[in-house]
């Protein structure tokens, strides 16, 4: 009996380790849910743009998206600051107050804001110069640029399994639009789509760096404000209509600010502290899959057997990348 008790003592797992492991698993589950919600929010942009661009140019829609998102994040940050000053425990102190930002931090904020807004503008322009399939496929090369940038500038390495998963996911996304892909058309538009992908990668990598010192709402408030200011200047040069005039268009741009930007991009910024930039970029390959499924139910767009097979390939690739991480 004594020997059995001794064996129990030797093989028993300390209680604090059990609870610590449970807490870690719960945190990772919540982080995963946040990333999934972010991807769903980002995917809704293509649906909402259908309604917004019936009245506005792509540049005006992007301006309204970032402009109203700036207001959302300003209100959020003021509310968080107020709750923290009350000291009721419902809000925590920011990692670094915005007033304590260094010159390098300010440069990073401007880089992220200009990169994201430029990516939206250039991709919108590419859609006028080449086919939607070409533009979408080339824009989805973003994970390659992100992984390469993380390796070049931050010395982050990826395993062969992660790279295999990324390649499989990109192949799946390519198959989704391969039926409509057109060769020898709109080379300038194709180059613009690739540039938009590169700028999206720059935004992800810079936000990843900012997340070491600032909370996600603070980063989004600044980058959305900078991006919307840039787009407002662009609209003045182009002499485009700035704001919508009908209730449908107003509803569309407000939803663009709330769901793809505040919810989608905001939670992506949050996720960049929990996951690597490369993993977040690869996960974004689900966006065209989600958008296609939403369009199937909302607009009755037809999906072929090849499309569904491609969706499975994308999910398999992302599973390989995520399981390795």
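Step by step: first the residues of the range 302-325, then only those that are closer than 20 Å to residue 47 by Cβ and in a helix (DSSP H, G or I), then the one that is modelled with the lowest pLDDT. Which residue is that?
The selected residue is 307.
Take the residues of the range 82-94 that are within 19 Å of residue 211 (Cβ to Cβ) and loosely packed, with under 15 Cβ neighbours inside 10 Å: which is modelled with the highest pLDDT?
So, considering only residues that are within 19 Å of residue 211 (Cβ to Cβ) and loosely packed, with under 15 Cβ neighbours inside 10 Å, the one modelled with the highest pLDDT is 92.
Among the residues of the range 284-301, are any in contact with a helix residue (DSSP H, G or I) (Cβ under 8 Å, 6 or more places away or on another chain), free of Cβ contacts under 8 Å to residues at least 40 places away in the same chain and either loosely packed, with under 15 Cβ neighbours inside 10 Å or outside any helix (DSSP H, G or I) (or both)?
yes
Within the range 150-173, can you find the residues that are without any contact (Cβ under 8 Å) to a residue 12 or more places away in the chain and either part of a helix (DSSP H, G or I) or in contact with a strand residue (DSSP E or B) (Cβ under 8 Å, 6 or more places away or on another chain) (or both)? Quick ask: steps written out before the conclusion?
Just the residues of the range 150-173 that are without any contact (Cβ under 8 Å) to a residue 12 or more places away in the chain, to begin with: 151-152, 155, 157, 160.
Correct list: 151, 152, 160.
Listed residues 166, 221; which is within 30 Å of residue 67 (Cβ to Cβ), in contact with a helix residue (DSSP H, G or I) (Cβ under 6 Å, 6 or more places away or on another chain) and surrounded by 23 or more Cβ atoms within 10 Å (Cβ to Cβ)?
Values: 166 fails: within 30 Å of residue 67 (Cβ to Cβ).
Only one candidate passes the filter, namely 221.
Evaluate the following for residue 256: is it surrounded by 14 or more Cβ atoms within 10 Å (Cβ to Cβ) and under 20 Å from the mean Cα position of the chain (by Cα)?
So residue 256 passes the test.
Can you find, within the range 230-241, the residue that is surrounded by the most Cβ atoms within 10 Å (Cβ to Cβ) among those that are in contact (Cβ under 8 Å) with a residue 60 or more places away in the chain and within 25 Å of the chain's Cα centre (by Cα)? Let's see the steps before the verdict.
Within the range 230-241, the subset in contact (Cβ under 8 Å) with a residue 60 or more places away in the chain is 230-232, 234-235, 238, 240-241.
From what is left, the residues that are within 25 Å of the chain's Cα centre (by Cα) are 230-232, 234-235.
Values: 230: 20, 231: 24, 232: 16, 234: 17, 235: 18.
My answer is 231.
Is there a residue being farther than 23 Å from residue 271 by Cα, buried (at least 18 other Cβ atoms within 10 Å of the Cβ) and touching a helix residue (DSSP H, G or I) at 6+ places or on another chain (Cβ under 7 Å) anywhere in the range 37-46? Spell out the reasoning first.
Initially, the range 37-46 is screened for residues farther than 23 Å from residue 271 by Cα, giving none.
No; the residues of the range 37-46 include none that is farther than 23 Å from residue 271 by Cα, buried (at least 18 other Cβ atoms within 10 Å of the Cβ) and touching a helix residue (DSSP H, G or I) at 6+ places or on another chain (Cβ under 7 Å).
Could you check residue 176 against (1) at pLDDT below 75; (2) not in a helix (DSSP H, G or I) and say which number it fails?
(2)
Could you list all residues from the range 56-81 that are farther than 17 Å from residue 227 by Cα and either under 18 Å from the mean Cα position of the chain (by Cα) or not in a helix (DSSP H, G or I) (or both)? Spell out the reasoning first.
If we filter the range 56-81 for residues that are farther than 17 Å from residue 227 by Cα, which is where we start, we get 56, 75-81.
Of everything in the range 56-81, just one residue is farther than 17 Å from residue 227 by Cα and either under 18 Å from the mean Cα position of the chain (by Cα) or not in a helix (DSSP H, G or I) (or both), namely 56.
Listed residues 69, 115, 61; which is at pLDDT 90 or above, within 21 Å of residue 190 (Cβ to Cβ) and crowded, with 19+ Cβ neighbours inside 10 Å?
The conditions single out 115.
The values are calculated or read from the model by the stated rules, or taken from the named source; none is laboratory data. On a predicted model such as this, the values are computed, not experimentally measured, just so you know. Heads up, the Cβs are rebuilt from the backbone with ideal geometry, glycines too, and the neighbour counts pull from every protein chain shown.
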